[in-house]
Amino acid sequence: MNLQLQIYVDTSGSPLVEVPIYERLDLFDFEAVELTSTIQDAQDIGEVFTDFSQTFKVPASKRNNKVFTHFYQSDLNTGFDSRIKQRAKLELGGVPFRNGFLSLTESNVKNGKAESYSVTFYGAIVSLKEIIGDDELKSLAGLDKFNHEYNLDNVWDGFRIGLGLNASNEMVFSGDRDIIYPSISFENDWYYSTSEPVGTEDDFRQGVSKNLRIDSTTLGQYGIEFNELKPAIKVKRIIEAIEQTYSTIEFGGGFFDSSDFGELYFLLNKNKGDVQNLNDINESLVDGFAVASDTGTFSEMIDSSTLVLSGTAFRYINVNLTVETASTEDYVIIIINDGNEIYRETLNANNTIYLSQIQSSRNGRYTVYVGASTSITFTKMEWDVYYEIFDTNFPTINSKTYGTGQENFTNAFTFNIPRQMPKMKTLDFLRGLFKMFNLTAYYENGVIVVDTLDDFYSGGDTIDLTKSLDNGEITVKRSKLYSDINFQFAEPKTFGVINQNEQNQDNFGNLEFQTLPDGKNSSLAFDGTKYEIKLPFEKGFFERVNDQDAATFTLTDFSNGWIVDKNQETTDIAPMLFYNVPTIIDSNTWKFGFVGKSNYITTFNRGSNSNLGASKSLQFGAEVDEYTGNVNSNSLFAICYQNYVTNLFSINTRILSAEFYLSLDVLTQYKLNDKIRLKGKDYRINSIKSNLNTGKSTLELITSYD
Amino acid sequence: MALIVARSPHFITAPTLDSGATLTLDIGFYDSIGDFITLKTYAFTINTEYGLDISPFVSDYFQNDIKVLIVKTTIDGEISGVPVQSIVNEYVATDGYGYYEDGYNYDASTTIQDKKLYGGCNDNIQVYADGIASIPLFLPSNVNGSVTINYKNSGVVVDSNNLILGGVYDYLDAPAVGSESIVTDALGNQIDTSRVSVESFILTQTRILNISKNVSTLDIDSIEIISQFTNYSIRVDADGGTVESLQCANDIAGGVSDSTTHSISVEYICECKYTPYKVSFINKIGVLEDLWFFKKSMGSLSVDRSEFNQFTLDSYKNGILSNHSYKNFNVNGREKLTLNTGFVPDNFRENFRQLMLSESVYVYKDSLKLPVNVSDSSIEYKTHVNDKLVNYTIEFDYAYDKINNLV
């Protein structure tokens, strides 16, 4: 039988609406709908988020006219919003085939009558790019909750163990280590000397060069000062924030939940040098709103601070923030919309702020910050949301109020996580992670599953398609070859890496994979060009501190990073990832001090390129673990790339292209990690291009390496 | 109340209003208790110079269970900046169409009333001698009155049906339909004509009625339709008002419009050799109308298939020679039906014009009403002068695959 393709499109109006309203489209009987599915194209191994998109026409039938509300008629004030990619799904014979998004691009009108609509169906992964767009990390929702007062106690706690959320969502000393203060200096030069007097400090560049050693009589007087440290956030929390921000994104699979990944941190280093309060006055998040939601206004206070408006933007005829206080002191109200500051005004006494006077249309996430030069008590803060159901002459307007109780502003420097995020697009961040760990993403059961390529392939089944193969014509070609594949971090900016490279004539952390073992004449031996996989992340360089004055080279238990340029001046760097290794210092032997704390440092969060146990490394090639001195061979290449890349260069590797007639069962059940068995040989799927009307499919298969 | 034939443009205009005037379009129908059921509401900014063609929006809502729609338009706007009262109108709409010659915003309701509500396209009908005479009626306006259908032989009434119409919208009241007659609505649902109580049928779908009568034993040669409406209701309707179903109003206004008739000649066709086929199609005013094909019919099947070169080495090496190296798959087919009318009068050209232009055609076969599409893309109109005896041959495609593959 011919396949029966069904296309459904969500007519709820917004992909953000939780429950889609799917309507089926009529299709032309002659329009072939073909989709190409691929997971990691051997032709372009650095490209991530590969999936399909296909443009085709559907008739301007009565059913489709209703769905697309006569798109060609621009006088209509309501109806299908062609500006938005709407959720869509494909079924074959009633069996789910693909989920994704559909955009309406044009309509063809002949002799005054609509004839067809052109639509493009995007796979769910392609749409990841569209959903996230150019949003930056600072706009992620839910990171506010990790804000905390930047003071001695919190930094000390974050340095020796970590900070995390308690049951009341307050940031406290915690072994969860959501936020840590790693042993990284951004200005001062730290060293350890038993012979120099404790507290020795010499002017050095803009800062000082200081001996971290103290003794029992100088506890708390010398050593690391809290304002020399900057925090880092667990990368897993950023992933969760991405999921919270974009309701249609939910990452599954084991990678992001693995314990190794839980050790990965992102340095919150927005500016060079020490931490800066980014504004003249102290500001703090208003987080006393009661969590509630309202279907009539499509609004929700998703946590104690974040108001989400998910209806149609122009229907929010007004959204007002009312602030009431008996204080006569000036205060500043800051409103953040999707990470962008849209309002900052110095106010006094009671005020109502009308968003309609600030934005022409309103939706997304809103948070409020208060700033002042003194502590202030607010008797009330209140969001009032007004949503218009129909924009006819007699519109129905629904309203909802979200309020706080008494809200106290304390005049203290709050480390604001979103605002202290390094400038980086969320998509670039994800892309960097995917390239770093050779991750692959695919859509399954409503969830974007993320796995390493090796794990992904190990999860597939074997399908014998020998009987579905059209023996008529088969093309066999070699895989695309590269003379070199360069795995690189961002251009190094820090003294440690630059110095290391100069001394060793090396590229610390990077790897140049050459196709001959001796690296000679590869371009002659192998056809092909160079290929670069370049990460947007700075390579961290960490150094175990030695006792400078010991008679023999003696390493202490302490290690640190130093973010200065090659002249040892403060410097801006690319965003940086590192593993955190909680480390113990034997204070009987090594007496490191922390100013303000009458204790020796006995534990600290050590930034490292190797994780705890050295089972993973953040170097592309094998490098010496700076703390243990042992070579860590569990490099990114060895763990994540080696199997795949070496297979591409195998003498037996072929890419085979042939036509198959796939049954409904195969088409709806196959996964891109399945092995395809042909005449007794196994292949991996490089791509499948399927005609969804006939099942005729062109498969590009690559010889299997496992 | 005007009739919109939604396959042709129907413009709503507001030429006197300032730009920015809005049009609210409500599409729906009246249910059995007279409530308006809204299927869709659209809001437009109306082009005050050329107006807005609402037909495409209306047309979407004709479906299997809706053949007649009620369309309400509300125009709001200003004149020189001063808001004016909303302009509200109500229309009946069908999936019919107008010809170019019919002009701008063609309204067929007057023509239909002139034909005493007869909804067919030809005043000559052919009836299979063993078959049923079907008279389609269409009630475009909200009128009170009655329809009498007289079945006549040589000028003598041999049987009759009487339908009483009235109410706010179309309703049948205390019907007195003659024997062996079946009254169906636009959906083909039989209306219970045994009711004698005063009960309103104000369903929009009863604006289209079909009176079917077995005339095989009556030997009739014509059918006469007499529609009578109260002066009161006609006047109100002509003024664009809403007719209230008040007996006292009728009593006060009194009188009937006229008692002229519309006659349809009936020709019995006996066919002994071939199996006649009845074809029904939605005609120009949106009414289902019958057309008989009495003569030679031919069926055919065309098949689509794909073929591929199948791997059979595994069975061949074991001595099995029966496996296909070239394997067919995705085999399915569509049937065609070619029908001949037999001899028809010259004026049947209008029937075939409307058949060719119809988007909804059915053929009755083995007691099943099956969907077909006319596959001929042209037709030559025939006349006795040019062609002596006029026969039309029409080719139909069955509108489905022979192997059931609906999901």
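Candidates in segment B:41-52 are the residues that are of a type in the set (S, T, Y) and surrounded by 17 or more Cβ atoms within 10 Å (Cβ to Cβ); of these, the one that is farthest from the other protein chains (Cβ to nearest Cβ) is B:T48. Out of segment A:75-97, which residues are open to solvent by 40 Å² or more (accessible area, probe 1.4 Å), over 15 Å from A:G13 (Cα atoms) and more than 12 Å from every other protein chain (Cβ to nearest Cβ)? Matches in segment A:75-97: A:K89, A:P96.
Only one entry of A:T602, A:T583 meets the criterion of being open to solvent by 50 Å² or more (accessible area, probe 1.4 Å), modelled with pLDDT of 95 or more, within 25 Å of A:Q548 (Cβ to Cβ) and of a type in the set (S, T, N, Q), and that entry is A:T602. Scanning segment B:306-324 for residues that are open to solvent by 50 Å² or more (accessible area, probe 1.4 Å) and at the interface with another protein chain (Cβ under 10 Å from one of its Cβ atoms) returns B:E307, B:L313, B:D314, B:N323.
Each residue in segment B:39-54 was checked for being farther than 17 Å from A:K62 by Cα and either of a type outside the set (D, E) or touching a Cys at 6+ places or on another chain (Cβ under 9 Å) (or both), and 9 pass. Does any residue of segment A:349-359 turn out to be touching a Lys or Arg at 6+ places or on another chain (Cβ under 8 Å) and over 15 Å from A:L285 (Cα atoms)? Yes. Within segment A:590-599, work out how many residues are open to solvent by 10 Å² or more (accessible area, probe 1.4 Å), touching a Phe, Trp or Tyr at 6+ places or on another chain (Cβ under 9 Å) and of a type in the set (G, A, S). Going through segment A:590-599 one residue at a time, the tally reaches 1.
One residue stands out among those in segment A:98-125 that are of a type outside the set (A, V, I, L, M) and part of a loop (DSSP other than H, G, I, E, B): the one that is least open to solvent (accessible area, probe 1.4 Å), which is A:G112. Evaluate the following for A:T325: is it out of contact with any helix residue (DSSP H, G or I) (no Cβ under 8 Å at 6 or more places or on another chain), polar (S, T, N, Q) and open to solvent by 30 Å² or more (accessible area, probe 1.4 Å)? No: the conditions fail for A:T325. When we screen A:D454, A:D464, A:D428 for residues that are at negative phi, within 14 Å of chain B (Cβ to nearest Cβ) and either without any contact (Cβ under 8 Å) to a residue 24 or more places away in the chain or open to solvent by 20 Å² or more (accessible area, probe 1.4 Å) (or both), the only hit is A:D464.
Residues that are in a loop (DSSP other than H, G, I, E, B), among the basic types (K, R), touching a residue at least 12 places away in the same chain (Cβ under 8 Å) and touching an Asp or Glu at 6+ places or on another chain (Cβ under 9 Å) do not occur anywhere in segment A:138-145. Is there a residue in segment A:341-350 that is surrounded by 20 or more Cβ atoms within 10 Å (Cβ to Cβ) and either modelled with pLDDT under 90 or part of a strand (DSSP E or B) (or both)? Looking through segment A:341-350, none of the residues is surrounded by 20 or more Cβ atoms within 10 Å (Cβ to Cβ) and either modelled with pLDDT under 90 or part of a strand (DSSP E or B) (or both). Restrict the check to segment B:355-370 and report whether at least one residue is more than 22 Å from B:Y99 (Cβ to Cβ), within 14 Å of another protein chain (Cβ to nearest Cβ) and open to solvent by less than 70 Å² (accessible area, probe 1.4 Å). No, the conditions are met nowhere in segment B:355-370. With the requirement that a residue be away from chain A (no Cβ under 14 Å) and not small (G, A, S), what does segment B:327-344 give you? Scanning segment B:327-344 gives B:E335, B:K336, B:L337, B:T338, B:L339, B:N340, B:T341, B:F343, B:V344.
Within segment B:384-407, being closer than 22 Å to B:V374 by Cβ, away from every other protein chain (no Cβ under 14 Å) and open to solvent by 30 Å² or more (accessible area, probe 1.4 Å) holds for B:D387, B:N391, B:T393, B:E395.
Residues that are over 22 Å from the mean Cα position of the chain (by Cα) and open to solvent by 50 Å² or more (accessible area, probe 1.4 Å) were ranked within segment B:53-83; the one that is nearest to the other protein chains (Cβ to nearest Cβ) is B:P83. Of the residues making up segment A:101-121, one or more are in contact with a strand residue (DSSP E or B) (Cβ under 9 Å, 6 or more places away or on another chain), without any contact (Cβ under 8 Å) to a residue 60 or more places away in the chain and at positive phi. Can you find a residue in segment A:203-211 that is in contact (Cβ under 8 Å) with a residue 12 or more places away in the chain, part of a strand (DSSP E or B) and out of contact with any strand residue (DSSP E or B) (no Cβ under 7 Å at 6 or more places or on another chain)? Yes - at least one qualifying residue is present in segment A:203-211. Before we move on, is A:T69 open to solvent by less than 50 Å² (accessible area, probe 1.4 Å), more than 30 Å from A:I417 (Cα to Cα), within 10 Å of chain B (Cβ to nearest Cβ) and modelled with pLDDT of 80 or more? The answer is yes for A:T69.
Being touching a residue at least 12 places away in the same chain (Cβ under 8 Å), assigned to a strand (DSSP E or B) and not charged (D, E, K, R) is a condition met by no residue of segment B:97-113. Screening B:G96 on (1) small (G, A, S); (2) away from every other protein chain (no Cβ under 14 Å); (3) open to solvent by 30 Å² or more (accessible area, probe 1.4 Å) shows it passes everything except condition (3). State all residues of segment A:661-684 that are outside any strand (DSSP E or B), among the hydroxyl-bearing types (S, T, Y) and facing chain B (nearest Cβ under 10 Å); if no residue qualifies, say none. Hit for segment A:661-684 is A:S663, nothing else.
For segment A:294-307, the set of residues classified as surrounded by fewer than 21 Cβ atoms within 10 Å (Cβ to Cβ) and touching a Lys or Arg at 6+ places or on another chain (Cβ under 9 Å) consists of A:D294, A:G296, A:I302, A:D303, A:S304, listed by residue number. Considering only residues of segment B:211-223 that are closer than 23 Å to B:T260 by Cβ and open to solvent by 10 Å² or more (accessible area, probe 1.4 Å), which is nearest to the chain's Cα centre (by Cα)? By that ranking, first place goes to B:S222. When restricted to residues that are open to solvent by 40 Å² or more (accessible area, probe 1.4 Å), at pLDDT 90 or above and outside any loop (DSSP other than H, G, I, E, B), segment A:1-42 contains 4.
Applying the condition of being within 23 Å of A:N611 (Cα to Cα) and part of a loop (DSSP other than H, G, I, E, B) to segment A:226-254 and asking which residue is modelled with the lowest pLDDT yields A:G253. Only residues that are over 25 Å from B:E359 (Cα atoms) and facing chain A (nearest Cβ under 8 Å) were counted across segment B:24-40, and they come to 1.
The values are calculated or read from the model by the stated rules, or taken from the named source; none is laboratory data. Nothing here was measured: the structure is a model prediction, and the numbers come from that model. In this analysis, Cβ positions are derived from the backbone assuming ideal geometry, glycine residues included, and neighbour counts consider all displayed protein chains. Remember, those area values only see protein heavy atoms, side chains included, never the ligands or the DNA or RNA. Shrake-Rupley method; radii C 1.70, N 1.55, O 1.52, S 1.80 Å.
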